[in-house]
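Beneath this line is the structure, given in structure tokens, with notes to follow.
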């Protein structure tokens with residue numbers, strides 16, 4: 001119609017840039033798990049070192065969070081807990097079944113005053129009833145080895161170094177220290193940030209209609225504490241030259257309530273994983289990674305990083 005935009009039904013709907021960024025995020029998170037980029041944190045009831053639970057990666061700390069009553073929020077040394085299951089790797093991530101409170105097991109299905117919820121991105125257990133500060137809270141969970149973020153992040157973020165070290169005195173503190181920054185504002189390293197940018201090229205696909213080859217640039221910024229981490233992630237991504245992946249239709253995913261996580265980071269009862277997103281009604285377009293360029297980023301010590309530019313191509317109407 002001469003009075004309307006092509007390809008747009010409503011202002012605010014996810015378009016090419018949004019679908020491209022979302023697709024690459026879900027694909028990268030899933031593919032990273034398929035090469036074992038996660039850590040399984042099991043209960044160790046015989047910790048040693050600095051602090052009462054410094055060598056027990058399952059032990060959670062009391063966290064301050066103004067959104068909840070004091071004593072309700074307990075978090076792990078690493079955030080970004082794995083919620084996916086059934087990956088294609090010899091070892092599987094831990095599927096959280098419950099927590100231990102003073103050595104008493106409470107199932108994840110528990111409701112009422114003794115119940116709780118799991119916020120996977122923030123790496124937190126949020127109890128319905130506050131627990132005293134000296135409570136022993138443990139949870140077996142898996143965390144991602146590489147934090148994958150989209151370019152749309154909160155205005156304030158703080159990079160966290162040495163975040164695997166449960167013996168760090170800051171982890172044991174309450175009310176101050178590195179871990180006192182809200183979890184959603186902490187970026188634990190190594191991390192990669194995926195951002196589609198407004199730089200596109202169009203090429204005609206067929207005569208007689210508006211179908212096109214849509215080429216768009218995506219910047220992936222990699223941040224790490226060591227050159228090994230940076231180079232490892234750099235090589236993983238650059239090896240994807242000429243890779244074909246299937247994109248995700250974010251509009252359908254949200255409208256049908258198939259998005260895997262709720263607003264508070266809990267699992268959605270109707271949510272689906274990446275393979276299901278791209279194998280049926282929620283698939284978008286094939287994404288072809290046509291060109292890759294990278295460069296090192298000069299950053300203050302001990303931070304190291306690089307930038308990778310991808311040219312991604314899809315056939316769009």
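Values quoted throughout were computed directly from the atomic coordinates according to the rules given, and no laboratory measurement underlies them. Remember, predicted model here, so these are calculated numbers, not experimental data. Here Cβ is always computed from backbone atoms with ideal geometry, including for glycine, and neighbour counts include all displayed protein chains.
Structure values in brief
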| item | result |
| --- | --- |
| Segment 38-143: relative contact order in percent, alpha carbon pairs under 8 Å with at least 6 residues between | 36 percent |
| Residue exposure sequence - 194, 94 - by fewest surrounding Cβ within 10 Å | 94, 194 |
| Modelled FRET efficiency - R0 51 Å, residue 107 with residue 206, Cβ distances, 0.05 increments | 0.35 |
| Fully extended contour minus Cα-Cα distance, from residue 64 to residue 9, at 0.36 nm per residue | 15.5 nm |
| Alpha-carbon spread of segment 1-133, three principal axes, descending order, Å | 70, 39, 29 |
| Residues 80, 256, 229, 56, sorted so that the one with the fewest Cβ neighbours within 10 Å comes first | 256, 229, 56, 80 |
| Sequence of 202, 26 once ranked by neighbouring C-beta atoms within 10 Å, starting from the fewest | 202, 26 |
